[in-house]
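Asker: Let me give you the structure first, and then I'll get to my questions.
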Amino acid sequence: MCGIIGIVGSASVADRLVDGLRRMEYRGYDSAGLCTLHEGTLVRRRAEGKLANLARVLEADPAPGHVGIAHTRWATHGAPTAANAHPHATGEVAIVHNGIIENFKELRAELAAQGRLFESETDSEVVAHLISAEIERGADPLEAVRDVLPRLRGAFALAIAFRQHPDLLIGARLGSPLVLGYGPEGEEPEMYLGSDALALAPLTQRITYLEEGDWVVVRRDGAQIYDSENNPVTREIRASGASAAAVEKGNYRHFMQKEIYEQPTVVAQTLASYLRRSDNSVALPQMDVDLSQVRRLTIVACGTSFYAGMVAKYWFEQFARVPVDIDVASEFRYREPVLEEGGLALFISQSGETADTLAALRHCKANGQTIAVVVNVPTSTMAREADLLLPTHAGPEIGVASTKAFTCQLAVLAALAAHMAVKKGRLTRDEESLIVRHLLEAPAALNAALDHDEDIAAMAPLIAPARDVLYLGRGQDYPLALEGALKLKEISYIHAEGYAAGEMKHGPIALIDEAVPVVVIAPSGPLFEKTVSNMEEVRARGGQVVLISDAKGLEAAGEGCIATIEMPVVHPLIAPLVYAVPVQLLAYHVALVKGTDVDQPRNLAKSVTVE
Ligand code: F6R
């Protein structure tokens, strides 16, 4: 979603601002803009579409100045036009905003009644006008921002520039992330604001994560942070560890492809921090939470992270015999879930900033739940609000379609389920050791799955012309069917649905004809024959089946399929990790055939920071 960068610099900033925006492209956007301060004027340049358009505008009409703010916008209120692009400016101030100002209609009506004219359809523009109005009434920038922030309802990260103050930016955050960057030591002083550490990676490694409700006065030689009560506060300066190289594709054609190929390594990295090889046991981080006492588990997440939770439900119930409630975050809060005092609520998120998941987390916290978080960004808001933090070690995930974060989430969830089972006395030492040994086989099995990349590429043209594609799976392969369909629709724009294989007869089978490819995910194992029966029902009606299974499964049922994808023979526990690879690669290659924008598919944002 929207990305923000601001520089109070000692040299020209326009190029560096655009460079920062480029590193935030992965978040998803549909217009961009910047504003610099030059000789007492606010110099604003904006463009619809990709950053290349903004670069062209700047080439024709440069924006000089040592201080500036910039923004990539993912449209919420108002179409993605140049007029709706940020920064929004009045004569006195320019602002960039990430989030949603929920009460913008009433604020806009109030400002319009004062004769203020609006040039965009956005919610964000009211912030520029509110601050401007204060300044015109004689307030200084600090007073103006301090008085306006409490009037904003919703979520925001803001960076604000002031025409009459060439050495100043003010930032603020509530519900949307914002980091403060300190220029490298020993160089001309500079200060930065950014939506994330990656945006600032080439500029500095010294950063401070602002806390909820913080606002910050940023000058060239330092910054003062205030908390939501306007008390001056000190926040820790940390080494960001974000490397500019993490945002490079290397020899890969797309970030998605790179991230699919990173899975054996990052899953191994993740497992290494949860499993002890010396005695084949699960070793979770030190925690105050007594897992032996958990009587019910509530899992909440969105999208691909939700599907990881669906797979984990099987593991928690099977190993630990703990009943699991699972819901998508956008529905969870509004159904008045029954949360028993002392329950454990588990949130799964790549970004750790997804607005719905975060809101659900806070709802659970307010209702007496212990909060466990499986998250890939260790500095994210969810990570900071967790009682039990379980990081995945996938490294930055840049492709909009989640891949390596999913398999790393599965690795952590399997370890957590096994650990809970041990604590509850449901697993013997031998059983625990066996589970650990199976999990440790995952990286090699992922490598073996990747060996079939070329076969999958070769069959992608069979799927690419389809208007609809169905994915079927049973048991823990059912969430994978959902994940396969999600991957395909988000990057190839082909309509796809995942179904529990046994549900076909209850309606979806009416969709089957020769034009609808049906991808069946069926590793050999206890549910194989039942899934194959459902597959035969599809084939009997002219359905074009692509079967993903191991050699044994393909031998038993591969005949008559339009294509087959062979996976290594693996233990059922790690099958969801391994079978994630072919569904990811299939979506990837179909998208290549269709020529879509794989890493930045239309309408999508990487980190969904609005509800
Ligand atoms: C799909 C995808 C999304 C995310 C969802 C949750 O490929 O990436 O469905 O999984 O937006 O995001 P996080 O995991 O950051 O909370």
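Asker: Can we say Arg362 is within 27 Å of Ala155 (Cβ to Cβ), surrounded by fewer than 18 Cβ atoms within 10 Å (Cβ to Cβ) and within 16 Å of the ligand (Cβ to nearest atom)?
Answerer: In short, yes.
Asker: Can Glu317 be described as part of a loop (DSSP other than H, G, I, E, B), more than 24 Å from the chain's Cα centre (by Cα) and more than 16 Å from the ligand (Cβ to nearest atom)?
Answerer: Working: part of a loop (DSSP other than H, G, I, E, B): no; more than 24 Å from the chain's Cα centre (by Cα): yes; more than 16 Å from the ligand (Cβ to nearest atom): yes.
Considered against the rule, which asks whether it is part of a loop (DSSP other than H, G, I, E, B), more than 24 Å from the chain's Cα centre (by Cα) and more than 16 Å from the ligand (Cβ to nearest atom), Glu317 comes out as no.
Asker: If you check Val436 against the conditions, is it touching an Asp or Glu at 6+ places or on another chain (Cβ under 6 Å) and part of a helix (DSSP H, G or I)?
Answerer: Spelling it out, it is not the case that Val436 is touching an Asp or Glu at 6+ places or on another chain (Cβ under 6 Å) and part of a helix (DSSP H, G or I).
Asker: Looking at the range 556-611 only, could you name the residues that are closer than 15 Å to Ala445 by Cα and among the acidic types (Asp, Glu)?
Answerer: If the condition is that a residue be closer than 15 Å to Ala445 by Cα and among the acidic types (Asp, Glu), then Glu566 is the only one that fits.
Asker: Also: Looking at the range 13-24, I want the residues that are over 18 Å from Ile398 (Cα atoms) and have a partner that is in a helix (DSSP H, G or I) with Cβ atoms under 9 Å, at least 6 apart or on another chain. Which pairs are those?
Answerer: Ala14/Leu58; Asp15/Leu58
Asker: In the range 467-487, is there at least one residue being among the basic types (Lys, Arg), away from the ligand (no atom under 16 Å from the Cβ) and either assigned to a loop (DSSP other than H, G, I, E, B) or closer than 25 Å to Lys594 by Cβ (or both)?
Answerer: Checked against the condition, which is being among the basic types (Lys, Arg), away from the ligand (no atom under 16 Å from the Cβ) and either assigned to a loop (DSSP other than H, G, I, E, B) or closer than 25 Å to Lys594 by Cβ (or both), the range 467-487 yields at least one hit.
Asker: Where in the range 509-611 are there strands (runs of 3 or more DSSP E), lying wholly inside it, with at least 3 residues that are in contact with a strand residue (DSSP E or B) (Cβ under 8 Å, 6 or more places away or on another chain) and surrounded by fewer than 19 Cβ atoms within 10 Å (Cβ to Cβ)?
Answerer: Hits in the range 509-611: none.
Asker: Of the residues Arg108, Arg16, Arg46, Arg56, which single one is modelled with pLDDT of 95 or more, touching a Gly at 6+ places or on another chain (Cβ under 7 Å) and basic (Lys, Arg)?
Answerer: Result: Arg46 is the single residue among Arg108, Arg16, Arg46, Arg56 that is modelled with pLDDT of 95 or more, touching a Gly at 6+ places or on another chain (Cβ under 7 Å) and basic (Lys, Arg).
Asker: Do you know which of the residues in the range 207-266 that are assigned to a strand (DSSP E or B) and of a type in the set (Val, Ile, Thr) is surrounded by the fewest Cβ atoms within 10 Å (Cβ to Cβ)?
Answerer: Val233
Asker: Still on this structure, please answer the following. Mind listing whichever residues of the range 320-357 are closer than 18 Å to Leu388 by Cβ, away from the ligand (no atom under 14 Å from the Cβ) and either touching a residue at least 60 places away in the same chain (Cβ under 8 Å) or crowded, with 23+ Cβ neighbours inside 10 Å (or both)?
Answerer: Ala320, Val322, Leu344, Ala345
Asker: I would also like to ask the following. Select from the range 583-610 the residues that are within 18 Å of the chain's Cα centre (by Cα) and among the hydroxyl-bearing types (Ser, Thr, Tyr) and write down the one among them that is farthest from the ligand (Cβ to nearest atom).
Answerer: Per the stated criteria, the residue is Thr609.
The values are calculated or read from the model by the stated rules, or taken from the named source; none is laboratory data. The structure displayed is predicted, hence computed values, not measured ones. Note: ideal-geometry Cβ built from the backbone for every residue, glycine included; neighbour counts use all protein chains shown.
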